[in-house]
Amino acid sequence: MFRNADLHALDLGALFDASPNAYVIFDEALMIVGCNRAYLKEVGRASSNEIVGQYLFDAFPSSPDSASYRLLRRSLDKVLANHEQDHIAVIPYDTSEPGQPPNMRYWSATHTPIFDRDGVFRYILQHTVDVTELQRLRERGAHELFVEAGVLHRARQVQADNQAINAERELLRDMFKQAPGFIGVLAGPAHTFIQANDAYTDLVGGRELVGLTVAEALPEVVGQGFIDLLDAVYASGEPYIGKQVPVMLRQAGEAAPSKRYIDFIYQPILSEDGEVSGIFVQGHDVTEQVEAERMQSLRHRELGHRLKNQLAMVQAIVNQTIRASTDLSTAGSTIAGRLQALSRAHESLITGTTGLTSVGEIARTTAEIHDHGSLQRFRIEGPPVEIASRSALSLSLILHELTTNAVKYGALSNENGRVHVTWDVAGDEDTRRFTLVWREVDGPPVSPPSRNGAGTRLIKAGLAGTVSSDVTVSFDVTGIVCRIDADFASMGEEAD
């Protein structure tokens, strides 16, 4: 703009003050931060000290209920909100000092946003022009003065009223469009959309609604009873309120509708003669709330199942161990080890929310009790498989018994022995079987026990809660081999 001028040689403040046009500058709080001499002359002030540093409406008071205040404030608010220039064609405003006789004049004003060098909005520049014609009108005849002043006043009042109406209409339109809940207006017995806000459009996958009937815009809801509800409200004139109502809605990019839950109200719209002319629809998508409540209920039921199953397991461990032990010290040590395995299994179970636990996690958690978390002597392999909590607890105890025996007598009792734990699921959909094999290698020679203790009985009891579960234990020369074979479908079912 000043490419041919030496800006350092210019006094921009003096240039601003010398302008014949009236200028005043407001900050974002509408405090007057500066003005030039032309502005002081226009508003009848002798010095900038009289107004600079004051709030605009303290320096030039105006009732908030007056048209003058509303016009000026609305224009300034637009600039503050949009950072775009705004114009007022004509505004009546009293610029007299407080305590002085009124000095009503008419102005044309332009409000321009001012940005700093970084592009940050800082100030509003007001360019004011006095367009008062009262003096010229006084020089004419009294009748002409009366007529023209009346016409001028009415024209300006109409302008002010129209601007106020337009501003209110824009505000209501923005509020309707941006409302967080979905809102729609339906007209006539066919329920034709004449308005729908952004939330309504988002709910139905971005589809066009306005100008279409509900059946045309949302064909998937026709068979779900919503058209019947609208018909009933239209016929009776009584509102309808729905809470957590399921609705299947097709979303953008989806071939089939998906289930949502909504709270809504169908409110009849009455014409001047009291007849129903349409229906106002308002509501909220509460799908996340419903799903959260159902998940919480599922968690409570699952915790109840787990507690019952765990208490049953503790009772079985104590009873079987005491019956098989020769002294209380041995029984106490054995019970403590088995309860530790149960506790570790329970820790892995409570971290989930679906009631299912990974077989791999069970195997690794059990092995860590006896291998100090390193798993250097364990090889654990198998596909991702999840089972219900009751079967998971049984499998944890079986693996704990096998690990304890390996530490005392088997592959983990020397420095070279290792344990391989592998599993798989095979068979048709209706006949799938779960197979897990525990194999000890490079350990000392083993032989079948002379009698079956509590641990052996627990192992051979199989997986609790399954339709069928077989466990075989063989004593190979290099170590024990335990094979678990169970109906896989029933392993994913929780006991009542």
>> Between S413 and E275, what is the label-point separation in nm under the 7 Å Cα-to-beta-carbon projection?
In response: 9.8 nm
>> Could you give the length gained by full extension between N103 and I194, i.e. 0.36 nm per residue of separation minus their alpha carbon distance, to one decimal place?
In response: 27.9 nm
> Hey, what do the phi angles of the stretch 120-130 turn into as Karplus ³J(HN,Hα) couplings, whole Hz, using 6.51/-1.76/1.60 and θ = phi - 60°, x for Gly and Pro?
Replying inline: 8, 5, 10, 9, 10, 9, 9, 9, 10, 10, 7
>> At 1.4 Å probe size, with the rest of the protein present, what percent of the exposed accessible area of the stretch 51-121 is carbon and sulfur atoms?
In response: 49 percent
> Based on the Cα gyration tensor of the stretch 19-62, what are the three equivalent ellipsoid semi-axes, each the root of five times an eigenvalue, rounded to whole Å and given largest first?
Replying inline: 16, 11, 9
> Tell me, what does the Kirkwood hydrodynamic radius of the stretch 90-131 come to in angstroms if you use every pair of distinct C-alpha atoms?
Replying inline: 12.3 Å
> By average Cβ neighbour count within 10 Å, what is the ranking of 265-272, 418-425 from highest down?
Replying inline: 418-425, 265-272
> Hey, rough spin-label estimate for S66 and A29, points 7 angstrom out along Cα→Cβ, what's it come to in nanometres?
Replying inline: 2.4 nm
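The values are calculated or read from the model by the stated rules, or taken from the named source; none is laboratory data. In this text, all values refer to a predicted model and were calculated from it rather than measured experimentally. FYI the Cβ positions are ideal-geometry reconstructions off the backbone, even for glycines, and counts take in every protein chain you see. To get the accessible areas, we keep the full protein, side chains included, count just its heavy atoms, and leave off ligands, DNA and RNA. Shrake-Rupley method; radii C 1.70, N 1.55, O 1.52, S 1.80 Å.
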